[in-house]
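The structure under discussion appears below in the form of C-alpha cells.
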Amino acid sequence: MYLVYKDNEQLGPLSQAEIQERLECGVFVPTDLYWHEEKNDWVPLSELTAGDNPPAPAGSEPAPVEIPKPYADFLLDKQPESVVQKAYETACTLMGTGEQIKYIAVQKKPFINLHPESAVLTSQRIVLFHSSFFRSTQREFLLREILALNVKKSWFRSAFTFKDATGMSFGIYSLPKTQGQKLFQIAHSLQNDIRAEFVSSHAPVAVAPANRVKPREVDVHQKLGTIKKMLDEGLISPQDYEIKKNELLQQL
C-alpha cells in the first residue's frame, strides 16, 4: 500500500490502482509525492511504475516530509525561532496589499531574558513587540513618518532607535551587533526609496516660458518646493532639509 502527500496533507493508504485512477482523472498530479515501504522515502508520483508494488518489510515507517518555514530567511543571524515565528505571524496580519517583511531582529540581553523584545521591518513599517509574563504589546510606525533612524554599537551589543513624527524616541536595545546593523541599513534604504517615490509623485508639472528660465533651474526650484513641503509635513528633519537644500542650490 502507498501513502500520498498532496497540498500539505498525507492521504492513504492507497493501492497503486487507486493512485493511477486519480492521476488519470486529475485528482493527483505527477509532482505529488508518494511513499512506499520498499523505497522508504517520498518521491514524485511520476516515478510510480507498474512494477512498483514490492512486499513491505516489517517495521518500516515513512520519512517525514519537511515543509519549508515561511520565516526561515529571518533565522540566518541566529535569531531564536520561537520569537521570530510569533513576530512573523502577527506582522502578517498587520500588513497591507503588496507589503513584505524584510527583516526581523530579536533582543539578546547579556543575562537571562525570558521575554525578549523584537522588531519586524516591512517594506512600509516597523513593528516593535514587547512581552512580559502577563501580556504582549506591539507598536507600529510607518517608515515615511519616522525621523532620525540611528544605530549605536557597543562592544557586544547595539541599540536601534528612531523618532516618530511627534519627536518621541522609540527603539529596541541589546540587539546582537549584526542584527542591529542590518535592521538600520535595510530600514534606511527603504525609507530613502519611499521618500524618493513621494518626491516623484508630488513634483509639480510646469512648462517654463521660452527664453526666460532654463529647464535645469525650473527642476531645481521644483525640488526645493518639494523638500520644503516634506519638511512642513514632518517627513524629514530640519537637518536633512538644510543638507538637501544646499545641494540643490549648488546646482544653480
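For region 38-54, the set of residues classified as of a type in the set (D, E, K, R) and either more than 25 Å from Pro68 (Cα to Cα) or modelled with pLDDT of 80 or more (or both) consists of Glu38, Glu47, Asp52, listed by residue number. Scanning region 131-171 for residues that are over 17 Å from Lys108 (Cβ atoms), of a type in the set (A, V, I, L, M, F, W, C) and either part of a loop (DSSP other than H, G, I, E, B) or not assigned by TED's automatic domain parsing to the domain that holds Lys182 (or both) turns up Phe133, Phe134, Ile146, Ala165, Met168.
Screening region 1-37 for residues that are acidic (Asp, Glu) and surrounded by 12 or more Cβ atoms within 10 Å (Cβ to Cβ) and picking the one that is nearest to Ile67 (Cα to Cα) gives Asp32.
The requirement of being of a type in the set (Gly, Ala, Ser), more than 30 Å from Asp73 (Cβ to Cβ) and either modelled with pLDDT under 90 or not in a helix (DSSP H, G or I) (or both) is satisfied by Ala206. Could you check, for region 130-141, whether at least one of its residues is surrounded by fewer than 19 Cβ atoms within 10 Å (Cβ to Cβ), among the charged types (D, E, K, R) and under 24 Å from Ser237 (Cβ atoms)? There is at least one residue in region 130-141 that is surrounded by fewer than 19 Cβ atoms within 10 Å (Cβ to Cβ), among the charged types (D, E, K, R) and under 24 Å from Ser237 (Cβ atoms). Kindly establish whether Asp73 is in a helix (DSSP H, G or I) and either among the charged types (D, E, K, R) or modelled with pLDDT under 80 (or both). Criteria met by Asp73.
The values are calculated or read from the model by the stated rules, or taken from the named source; none is laboratory data. In this text the structure is predicted, and so the values were computed from the model without any measurement. Note that each Cβ is placed from the backbone with ideal geometry, even for glycine, and that neighbours are counted across all protein chains shown.
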